[in-house]
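Just below is one structure, and these are the notes that go with it.
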Amino acid sequence: MKIRWRLTLVFCLAAGGLLAISYGSFYMIFQRVLRDQFDHRLAEIAAPIILDISGDPDDTDVDQLALPYEYFEVLDTSGAVLQRSRNLHEDLPAAIRPGLQTLRLPGIGEVRLTVIPFQAGVHQWLFIAGGSTRETDLALAALQRFALVLLPASLLLTAAVFGFYSNQLLAKIDAVVGQLRQFVSDAAHELRTPLAVLQGETELLLTKQRTTD
């Protein structure tokens, strides 16, 4: 019985570790895929707006934009804001360098930005397209909750399956051990009978008087 519980404990620890590693790896891959898709979407949103500004630098369409959870700015190379979407109440504290950035803004939360340099007539400007990571964070939080429920459930199911088959295996082992014990007992009994006869005959011979012949 003790061996059975020890085997179950060792198996549960090993299975739990493997399941935790698997779920952790899946979460990291899922997070990376979501982030990459989000960054790609920012670039796709920025492309037509940049094309429009490049064709007409005097146009101020960016000032009229007010898309939910999406934020835009046009800057010159010194960092001065030339245009800003209506849903931004203050300038984005972004670094003036091309590439991706992540900021946390008061009242908005985490925002992912892409800074893209472009040519507008004779001007060299920067376009910033940003989006709230709210939907991505919600998806990741949902996955975390799902994993927290699924991990123990998977562990319990695995332990139950292991317990079922280990019981059968240990029962077979017990049967084999029982057969070996019975064989040893039978063999000892079979050996004991001729040995007892031999001992009796030897004692009988020793009790007889010896002749001098």
Counting only protein chains, not ligands or nucleic acids, how are Trp5, Trp125 ordered by accessible area (probe 1.4 Å), most first? Trp5, Trp125
Mind checking the full-extension length gain between Glu110 and Thr8? Use 0.36 nm per residue of separation minus the Cα-Cα distance, one decimal, nm. 32.2 nm
Between the modelled labels at Asp174 and Ala160 (7 Å from Cα along Cα→Cβ) the distance in nm is 2.3 nm
Highest first, please rank the peptides 45-53, 98-106 by the mean number of other Cβ atoms sitting within 10 Å of their residues. 45-53, 98-106
Largest-first ranking of Arg32, Arg134 by accessible area, probe 1.4 Å, whole protein assembly kept, is Arg32, Arg134
To the nearest 0.05, what FRET efficiency results for Thr102 and Ala142 with a Förster distance of 25 Å applied to their C-beta separation? 0.75
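The values are calculated or read from the model by the stated rules, or taken from the named source; none is laboratory data. Keep in mind the model is a prediction, meaning the values are calculated, not measured. Here the Cβ is made from the backbone with ideal geometry for all residues, glycine too, and neighbour counts use every protein chain on show. Protein only, heavy atoms only, side chains kept; ligands, DNA and RNA dropped before computing areas. Shrake-Rupley method; radii C 1.70, N 1.55, O 1.52, S 1.80 Å.
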